[in-house]
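What follows is calculated from the coordinates using simple rules that are stated; it is not laboratory data. Bear in mind the structure is a predicted one, so any value in this text is a computation, not a measurement. For neighbour counting, all protein chains shown are included, and Cβ atoms are generated from backbone atoms with ideal geometry for every residue, glycine included.
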Amino acid sequence: MNINMTRCTVGDSRKLQKIGYETFKETFEDQNSPENMKAYLEEAFNINQVENELSNPSSHFFFVSFNDEVAGYLKVNTGDAQTEKMDDDALEIERIYIINKFQKLGLGKYLFNKAMDIAMEQNKKKIWLGVWEKNKNAISFYKTLGFTQTGAHSFYMGNEEQTDLIMVKKL
């Protein structure tokens, strides 16, 4: 088993767009209308959006590869790149996305450990994330890593309002 991690650059925008689109669609397509899924994917993963996110110095992306095949990615945010107003001592895990065929291989934990390393290097006091209330597998995963729910916020999938749970892990 060969696992690698590489930092993404703006030159990786097309590859990141493809992986983001694919992982989001295969994870959430069955639970959302085709219209709302299409609207969200076109907004969140259009090439301009991906390039803007990659260019933000407060956001960091990392590909994880399994046996030399890109299997998913991590996105973390600090400062004003965080999707919710948080203290400067917080790091947000915005995305841990793993392609379905690579799930249950420990890659999510591998990416989480990278986020932890970044948080420790930057002397953060907590890591937080938002997770869809219906994503039971992810909620269970985060609980095993020591996250607890501290709140919730609205998230729009197309025109449908949904709820993300805010989960925090103190460091």
Please report the net charge: other residues with Cβ closer than 14 Å to the Cβ of Glu133, K and R +1, D and E -1.
0
Could you give me the ³J(HN,Hα) list for the range 125-132, computed from phi with Karplus coefficients 6.51, -1.76, 1.60 and θ = phi - 60°, whole Hz, x at Gly and Pro?
9, 7, 10, 9, 7, x, 9, 4
FRET efficiency, 1/(1 + (r/R0)^6) with R0 30 Å, evaluated for Ile3 and Ser154 via beta carbons:
0.25
Sum of side-chain charges, Leu107 neighbourhood, beta-carbon under 12 Å (Lys, Arg +1; Asp, Glu -1):
+3
Among the lysines, select those whose C-alpha is under 19 Å from the C-alpha of Lys125, and discard any that sit fewer than 8 residues away in the same chain.
Lys75, Lys85, Lys114, Lys143, Lys169, Lys170
Gyration tensor (Cα) of the chain, equivalent ellipsoid semi-axes in angstrom:
21, 20, 17
Can you give the local net charge around Gln149? Use residues other than it whose beta-carbon is closer than 15 angstrom to its beta-carbon, Lys and Arg +1, Asp and Glu -1.
+3
Give the percent of DSSP beta bridges with both residues in the chain that are antiparallel, rounded to the nearest 5.
90 percent
Assign one of three labels to the range 1-94, namely rounded, prolate or oblate, based on the Cα gyration tensor with a ≥ b ≥ c the square roots of its eigenvalues; rounded applies when a/c is under 1.5, prolate when it is not and a/b is larger than b/c, and oblate otherwise.
oblate
Compactness of the range 95-171, expressed as Rg and Dmax over alpha-carbon positions, Å
13.3, 39
Which cross-chain or sequence-distant (5 or more) residues have an amide H under 5 Å from the amide H of Ile99, H modelled 1.01 Å from N in plane?
Gly72
Got a sec? Charge dipole of the chain, +1 on Cβ for Lys and Arg, -1 for Asp and Glu; which of Tyr21, Gln122, Leu165 is way out at the positive end?
Gln122
